[in-house]
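Okay, structure first, notes after.
Taken together, the values in this text are just the output of simple stated rules run on the coordinates, not laboratory data. Every value quoted in this text rests on a predicted model; they were computed, and no experiment measured them. Please note: Cβ atoms are built from the backbone with ideal geometry, for glycine as well, and neighbour counts cover all protein chains shown.
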């Protein structure tokens, strides 16, 4: 099976807690077959700089309720060094969600590209700020 591009995203929460609306939004993307969750880990850093990582299946009852219906593989892909790299960037008293996901929407396109003898030779994510700046420049012109 052709796999779509795989991305990761780290979302920091300065208040140190996660909101159920995030889980709902992710679940909708999965249900619509836009993304497939490969791994999802939560990381928190207390005011003293102590770090705790929590796999989705180890969440407390309240948080687990938000993510209970989320379909995905959850586990094994992220290493301890991946989690440590995120933890270093976290501000004390904050938390983060680290999600690795496949862009399922691209599978059909990539299969067709391959059947036509083509292949992807470059791919990059353009930072949102750069996109907004470029569109603002168009509006000004």
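Here are some notes:
- Using the empirical formula 2.2 N^0.38 Å as the baseline, the Cα radius of gyration of the stretch 6-105 reaches a ratio of 1.04.
- Subtracting the Cα-Cα distance of residue 109 and residue 32 from 0.36 nm times their residue separation leaves 26.1 nm of extension gain.
- The stretch 70-141: C-alpha gyration tensor shape, a/c 1.5 cut-off, then a/b vs b/c: oblate
- Inter-label distance for residue 7 and residue 126, nm, one decimal - labels placed 7 Å from Cα along Cα-to-Cβ: 1.3 nm
- Calculated mean residue ellipticity, 222 nm, the chain: -10500 deg cm²/dmol, from DSSP H runs (n ≥ 4) at -39500 (n - 2.57) each, averaged per residue and rounded to 500.
- Mean separation of Cα pairs under 8 Å and 6 or more residues apart, divided by the residue count, gives the chain a relative contact order of 40 percent.
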